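The values are calculated or read from the model by the stated rules, or taken from the named source; none is laboratory data. Keep in mind the model is a prediction, meaning the values are calculated, not measured. The accessibility values were calculated without ligands, DNA or RNA, using every heavy atom of the protein model including side chains. Shrake-Rupley method; radii C 1.70, N 1.55, O 1.52, S 1.80 Å.
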Amino acid sequence: MTTNAAQASPLATYFPFIVLLGMSLLMYLLILRPQRKKEKETEEMRKNLQVGDEIVTIGGFYGRVVKIKGENLIIQCGADRTKLEIANWAVSTVVNKSSAPAASVSAAEAEEEVSRKPSPKSIKKLGKSSDDETAE
């Protein structure tokens, strides 16, 4: 007498392995491959940072790269030109690339630009307008 296992086709015995292999391939194509591609693009973007680039950090700070020190960046934020030192991996996106190449902008020029204090805006005193004079 033959049993059910002996009568089963060879395809039926390998079916669970084929399904598992198919699901693994599908997961690789839909999830892992695009994620690795995005990681490579982000790493390339971080390697190509230059002095003068406007960036956004992963914490949400907007700033301009002032100096690059190995794996750290010094960025300038806000109207009062506050300097922050952040890790290179904390850069989320580059908003505007600087127009000048990194080789042409020296560190001394960058520091000079940062050290200049903004001049106060002249405040124009409002004189009496012609409408005020005619109203009297």
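Brief remarks on what is shown
- Per residue accessible area in Å² of the stretch 1-91, where ligands, DNA and RNA are left out and the probe is 1.4 Å: 78
- Across the accessible surface of the stretch 3-86, with the other protein chains kept in place and a 1.4 Å probe, carbon and sulfur atoms take up 61 percent.
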